[in-house]
């Protein structure tokens, strides 16, 4: 039994060392884009809300729509007790991704963050953008070990990569993956980094 456990741990570590794996349902843009940005975020993080509402639309217009950038959302729910709802929201949003509803759910959860993060009524907020049938499917999928494992794998990857605050962003270009300074980035600075990578 101990050998099986050790083998599973080594396999997990080897998988992390081999590089991050992405959920294509949480990807905006094509996988063939020359630049990839991975964003480790928590749905109850105000800086993540700023990134999602202010920076991400500009990235969409300037890069993603032109085939220059692939944007990937990674779950890094901040820990309880200071962040009591972050993990559940991450799991349910990941469940919604299985139905192709991740982006609309993410938009809603960030837009209503100030309300549900205080009241705890995060499901009520999420349910507003899901049909009754989708709500049932998301609630069932949230109990799926594969969905929970996906959130755990994002957390493990983030911890492996030294993520300790959100949002943390990794830029991959020309086969090299680099962590950007933590916190919500200045768009002009981020733009200059992306343009510089594209010019090489």
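Of the residues 136, 143, the single one that is more than 21 Å from residue 27 (Cα to Cα), in a loop (DSSP other than H, G, I, E, B) and at pLDDT 95 or above is 143. Take the residues of the stretch 149-160 that are in contact (Cβ under 8 Å) with a residue 12 or more places away in the chain and surrounded by fewer than 17 Cβ atoms within 10 Å (Cβ to Cβ): which is nearest to residue 77 (Cα to Cα)? The qualifying residue nearest to residue 77 (Cα to Cα) is 156. The helices (runs of 4 or more DSSP H) found wholly in the stretch 1-75 include none carrying at least 3 residues that are at positive phi and either in contact with a helix residue (DSSP H, G or I) (Cβ under 7 Å, 6 or more places away or on another chain) or modelled with pLDDT of 70 or more (or both). Here residue 95 meets each of (1) more than 14 Å from residue 169 (Cα to Cα); (2) touching a strand residue (DSSP E or B) at 6+ places or on another chain (Cβ under 9 Å); (3) assigned to a helix (DSSP H, G or I) with one exception, condition (2). Filtered by the rule that a residue be in contact with a strand residue (DSSP E or B) (Cβ under 7 Å, 6 or more places away or on another chain) and at pLDDT below 95, the stretch 186-197 gives 193, 197. Scanning for something under 21 Å from residue 46 (Cβ atoms), under 18 Å from the mean Cα position of the chain (by Cα), at pLDDT 95 or above and not in a helix (DSSP H, G or I), does the stretch 111-118 turn up at least one residue? Yes, that holds for at least one residue. Please verify whether residue 130 is assigned to a loop (DSSP other than H, G, I, E, B), at pLDDT 95 or above, in contact with a helix residue (DSSP H, G or I) (Cβ under 7 Å, 6 or more places away or on another chain) and crowded, with 17+ Cβ neighbours inside 10 Å, treating the condition exactly as stated. It is true that residue 130 is assigned to a loop (DSSP other than H, G, I, E, B), at pLDDT 95 or above, in contact with a helix residue (DSSP H, G or I) (Cβ under 7 Å, 6 or more places away or on another chain) and crowded, with 17+ Cβ neighbours inside 10 Å. In the stretch 162-178, of all residues being over 19 Å from residue 45 (Cα atoms) and in contact with a strand residue (DSSP E or B) (Cβ under 7 Å, 6 or more places away or on another chain), the one that is surrounded by the fewest Cβ atoms within 10 Å (Cβ to Cβ) corresponds to 178. For the stretch 83-92, a tally of residues being more than 14 Å from residue 113 (Cα to Cα) and either crowded, with 23+ Cβ neighbours inside 10 Å or at pLDDT below 95 (or both) returns 1.
When residue 198 is tested against (1) within 21 Å of residue 42 (Cβ to Cβ); (2) in contact (Cβ under 8 Å) with a residue 40 or more places away in the chain, exactly one condition is not met: (1).
The values are calculated or read from the model by the stated rules, or taken from the named source; none is laboratory data. These numbers come from a predicted model, not from an experiment. Ideal geometry is used to build each Cβ from the backbone, glycine not excepted, and the neighbour counts take in all protein chains shown.
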